[in-house]
Amino acid sequence: MCSMPNESTILHADLDSFFASVEQRDDPRLQGKPVIVGGSVVLAASYEAKAFGVRSAMGGGEARRLCPRAIVVPPRFEAYTEASRAVFDVFHDTTPLVEGISIDEAFLDVGGLRRVSGPPEVIAERLRAAVKERVRLPITVGVARTKYLAKVASRQGKPDGLLVVPPTPEGERAFLHPLPVEAIWGVGPVTSAKLHGRGFHTVGEVALLRPDALVALLGKWAGHHIHDLTNLRDPRRVVGKRRGSIGSQSAFRWSRRSWDDVDRTAVAIVDRVTRRMRGADRVGRTVVLRLRFDDFTRATRSHTLAEATAHTATILATARALLAEARPLLERDGLTCLGLSVANLDDGRAVQLALPFGRGSSGALDQALDDVRERFGSKAIGRAVMLGRRDHAAMPMLPD
Ligand SMILES: [Mg+2]
């Protein structure tokens, strides 16, 4: 048996009733109401509808019988895709090791970030706050030493919660073993009926079975798999995948925004994006600006540079040019979201070697800022334009 870390460093982050939450976010009339997304089949149900027994994948007729007051809305997959991208941007802002599982959930490994970002539970709470602030969606995070326990923890912590499984065998058993057998990963209706038929109702009861007894009951693969999981063995690591673009965005409240607000937000986003690019040793050529308005219209502007870069001032100048181009759109009310990403990514180290010169003086400034933030936290330094904000008031002045 491999040794286990004495810290819970795996996060499972899962948006709550994802499609239904996006609908409630985008239409104030749906907030606090039972909402069903779908038609003939329920694709998602808000927690208000779930309280009546409505579940995903249920037939629409049955759902309406259970909850006649439910408001049924058709799905808007484009909005969900965009929200998903925004949430994954927050994940990638949190740690380089992100393994997406579906459109609305991922595993994150935050081991090794303690010195930079704090203990895992603090990182998890900050992630939840960032998703709430930047994407305005509720998300639940489970924190544990293994993927399986983190996944179970996020399910137990729903909705809008944080649940940390203590990183000891005793703590893990106390959390997992009282749960019903349905909490075992891979146990569907057929397997759970078999287990109930033999009188096993909790995970702890199944954990006491010998492997050969489980294999006789459930087959070789499932038997061993379930024996391992119920006995806290899950050696699988979080496998990060490289992305084709790196981006970030900020959601706005419904109120009117001044041009300065928009610019300040763009500066903060560019700062996040380029810092993450440099942290991942990546450079990119195409800067993409995304705007969303409260009538659900969207606009995209992009520009491709001659050379790939992760240089903050270059990306910011490009972003400002794109913003200026979109200014007629921005002058009207109702900007709800500003996003920026850099695509056409390359490996930064390879590019640096290929260039005849090293980092320029402004590249050196970026590096110096990254170093200070790594040592003292990301709030330690802001660029000059951020000084107007109260939470940055104590920051030293730096060239923009
Ligand atoms: Mg979910």
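Explain nothing, just compute: Karplus ³J(HN,Hα) = 6.51 cos²θ - 1.76 cosθ + 1.60, θ = phi - 60°, for every residue of the stretch 194-210 in order, whole Hz, x for Gly and Pro.
4, 5, 4, x, 8, x, 9, 10, 10, 4, x, 5, 5, 4, 7, 6, 6
Pull up all non-local amide H partners of C337: gap of 5 or more, or a different chain, and H-to-H distance under 5 Å with H placed in the peptide plane.
F252, R292
What is the angle, in °, between the Cα long axis of helix 120-134 and the longest principal axis of the Cα atoms in the chain? Nearest 10 is fine, range 0 to 90.
With rounding to tens, the tilt is 60 degrees.
If you take the beta carbon distance between W185 and E125 as r and set R0 to 35 Å, what does 1/(1 + (r/R0)^6) give as a FRET efficiency, to the nearest 0.05?
The computed FRET efficiency comes out at 0.90.
For D228 and A324 in the same chain, what is the full-extension length gain: residue separation times 0.36 nm, less their Cα-Cα distance, in nm?
28.8 nm
What full-extension length gain, to one decimal in nm, is calculated for D27 and T300 as 0.36 nm per residue of separation minus the Cα-Cα distance?
96.0 nm
So what is the calculated 222 nm ellipticity per residue for the chain, using -39500 (n - 2.57) for each DSSP H run with n of 4 or more, over all residues, to the nearest 500 deg cm²/dmol?
It lands at -12500 deg cm²/dmol.
Please state the shape class of the stretch 1-166: rounded when a/c is under 1.5, otherwise prolate if a/b exceeds b/c and oblate if not, all from the C-alpha gyration tensor.
prolate
Compare D16, D212, D366 in a GNM of the chain, Cα atoms joined below 10 Å, and give the one with the largest fluctuation.
D212
What lysines could a cross-link reach from K132, if we take a straight Cα to Cα line under 20 Å and drop same-chain neighbours fewer than 8 places away?
Correct list for K132: K33, K158, K379.
If the reach is capped at under 15 angstrom between alpha carbons, list the aspartates and glutamates near K194, excluding any in the same chain fewer than eight residues apart.
E182, E205
At 1.4 Å probe size, with the rest of the protein present, what percent of the exposed accessible area of the chain is carbon and sulfur atoms?
Looking at the chain in its full context, I get 56 percent from C and S.
Out of all Cα-Cα pairs in the chain, roughly what percent, to the nearest whole number, are more than 32 Å apart?
Percentage above 32 Å: 44.
The values are calculated or read from the model by the stated rules, or taken from the named source; none is laboratory data. Every value quoted in this text rests on a predicted model; they were computed, and no experiment measured them. No Cβ is skipped: glycine too gets one built from the backbone with ideal geometry, and neighbour counts run over all protein chains shown. Heads up: the accessible areas ignore ligands, DNA and RNA and are worked out on the full protein's heavy atoms, side chains in. Shrake-Rupley method; radii C 1.70, N 1.55, O 1.52, S 1.80 Å.
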